[in-house]
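For reference, the structure is listed below as C-alpha cells.
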Amino acid sequence: MDLALSPQDEAFRDEVRRFLAESLTEDLREAGRKTAGVFADFAAGLRWHKVLAGRGWSAPTWPKEYGGTGWNATQRYIFARECIAADAPRIFSMGIRMVGPVIQKFGTPEQKAKYLPGIVSGDIVFCQGYSEPGSGSDLASLKTRAVRDGDDYVIDGTKIWTTGAHVANHMFCLVRTSSEGKPQEGISFVLLDSMDLPGLSVKPIVTLAGDHEVNQVFFDGVRTPVANRIGPENDGWTVAKYLLEFERGGDAYTPNLYARIEDVRRIAREEAADGAGRLIDDRGFAERLAEAEMAAQALEMIEMQVLSDLSRGRNPGAISSAMKIRGSETLQMLDHLGVEALAWYAAPFEPEARELGHNEPTVTPEWGITALPLYLNNRAATIYAGSNEIQRNIIAKAVLGL
Ligand SMILES: Cc1cc2nc3c(=O)[nH]c(=O)nc-3n(C[C@H](O)[C@H](O)[C@H](O)COP(=O)(O)OP(=O)(O)OC[C@H]3O[C@@H](n4cnc5c(N)ncnc54)[C@H](O)[C@@H]3O)c2cc1C
C-alpha cells in the first residue's frame, strides 16, 4: 500500500493546517491538551464543533447531501491527524459518529429533516441509552419498557453509564416494546427530544480520576412520540447493531495513538532513568515504546481500509471489532508507559490543574498532568462500546466462523 500523499492530498493537508492555525484559539487548544477522557471539556468542544460547522467540516464522515464533507478516506484521515496534532478539542460526537449514520440509513425523510441539520450544526447533542444495570454485554436482556399510549410511548426503567447525559439535549435509546419471542425481537430504537422531559432524571457517576462523564438515567413515565421511533417496532435490534459498528469502527483510532506516543516520548525525554541518563535512552523503555508504535502502525493500515470502505458507503462490518480491540489495548499500553515514565510525579492528585485557565504552579510538570487521569479513565476503553471479550466473540463467530 502506497501511503505517500499525492500532491492533491498535500494541498488538502496544507488547507487544513491553515484553517487550524487561524481558528484554534489558545483556550481551545488548552482544552484539547487537558483532555483526560474520551471527550474534551464539553463547552469548549461545542464551541469548536460550531467553528467546524461554520466551515462545513463538522461531519467529516457524512455524505454531502446530509451536510457532511463528502471527503474521501485519505482526506478524513489527514483531517483527523491534523486536528489532534494541533490540540483541537475532541468534540462530543455521538450524533455525528453514531446516531447520524443510523438516521441516514433507517430514518424517514421527516426524521432526517428533523435531526440531521441540528447534529451537523451542534445544536442537537445526543447521548446513548443502551446499557442498563444487568444488561451490558448481554444487551438484549434490557428491561426499560416502552408502552404505547395514543401517539406516545411511555417509558419506565433506567439506563447506566450514559456518557454525557448531563450535557446532551437528546438521547437515542433502546426500549423493550414486547416480551414475546427471543429477547432481541422485542426491542425498539427511539429518540428523546429533550433531557428535561417530565419523569426523566440524571444522576452523576464520578470516575476514579475525579471526572464526571458518565451517569445513570431514570425514566418514570417519560413520554416520547411514536413518530420518534427509528425503524419498525420490535426491530430495534437491527438498528442497534448497525450503530455499534460505527461506534467501534467509524472513527480513526491511530491519530490519537500517535499523539499519545508523542506525549510519552516527551515525558521520557525529560525524565531520568533509574541509575543515570534519560529514560528515552533506556533500552528496555525504548523497546516498549517502539512496540506500541508498531501496533499503532499496523492498526493504521486496517483503518485506512475501513475509512475507504466508509467513503464508498459501506458499513465497517466485523473488522470494527478488531479495530476496537487493537485500538483500546494499544492506548492502555501507552497510558501505562506514560505513568511509568512520570514515576512519582504521576502520583499527586491535582484535578484543578486540568481546569481550563488554571495557571497556579503544580507538583506534576505541566506536560504530565493528564498522564494518571488518562491511565485511570482509559481502563474503561476495553469495556465501553462492548467489552473486548465480546469483540473477540464477534470475531470468532462472524469472521472465523467458529
Ligand atoms: C466509561 C464508560 C462509558 C460508557 N458509556 C456508555 C454510554 O454512553 N451508553 C451506554 O449505553 N453504555 C455505555 N457504557 C456501558 C458499556 O457499554 C458496558 O459497560 C459494557 O457493554 C459492558 O457491560 P457491563 O458493564 O454490564 O459488564 P458485563 O456485561 O457484566 O461484563 C462483565 C465482564 O464479563 C465479561 N463478559 C460478559 N459476557 C461475556 C461473554 N459472553 N463472553 C466473555 N466474556 C464476557 C465482560 O467482558 C466483562 O469483562 C459505558 C461504559 C463505560 C465504562
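Just so you know, all these numbers are worked out from the coordinates, no wet-lab data involved. Just so it is clear, the structure is predicted and the values come from calculations on it, not from any experiment. All Cβ positions, even for glycine, are placed from backbone atoms using ideal geometry, and neighbour counts span all protein chains on display.
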Cα gyration tensor shape for the range 124-234, rounded if a/c is under 1.5, else prolate or oblate: oblate
Leading residue at positive end of dipole, the chain (Cβ point charges), from 323, 358, 306: 306
All-pairs Cα distance distribution in the chain, expressed in whole percent, bin size 10 Å: 5, 21, 32, 27, 12, 3, 0, 0
Largest to smallest principal axis extent of the C-alpha atoms in the range 15-174, angstrom: 53, 35, 24
Volume in Å³ per residue [convex hull over Cα atoms, computed for the range 64-135]: 137
Proximal lysines to residue 112, defined as alpha-carbon separation beneath 26 angstrom and excluding residues fewer than eight positions away on the same chain: 50, 64, 159, 241
At q = 0.18, 0.23, 0.27 Å⁻¹, base-10 log of I(q)/I(0) for the range 330-393 (Debye sum, equal scatterers on each alpha carbon): -0.69, -0.92, -1.11
Rough spin-label spacing in nm, given labels placed 7 Å along Cα→Cβ, for residue 272 and residue 298: 3.7
Percentage of interatomic Cα-Cα distances in the range 228-327 larger than 16 Å: 65
For the range 191-245 and the range 73-148, distance of Cα centres in Å: 12
Pairwise label distance in nanometres, residue 169 with residue 291, each label 7 Å out on the Cα-Cβ vector: 4.8
Debye log10 I(q)/I(0) at q = 0.14, 0.20, 0.21 Å⁻¹ for the range 7-91, Cα point scatterers: -0.46, -0.92, -1.01
Residue-averaged [θ]222 nm for the chain, counting only DSSP H segments that reach four residues, each worth -39500 (n - 2.57): -13500 deg cm²/dmol
Burial order of peptide ranges 347-355, 253-261, 91-99, 117-125 (average beta-carbon count within 10 Å, highest first): 91-99, 253-261, 117-125, 347-355
Difference of contour (0.36 nm per residue) and Cα-Cα distance, residue 108 to residue 355: 84.7 nm
Percent RCO, i.e. relative contact order, over the chain, from Cα pairs under 8 Å lying at least 6 residues apart: 15
Ranked packing of 25-34, 127-136, 7-16, most packed first, by mean Cβ within 10 Å: 127-136, 25-34, 7-16
Å³ per residue enclosed by the Cα convex hull of the range 271-402: 150
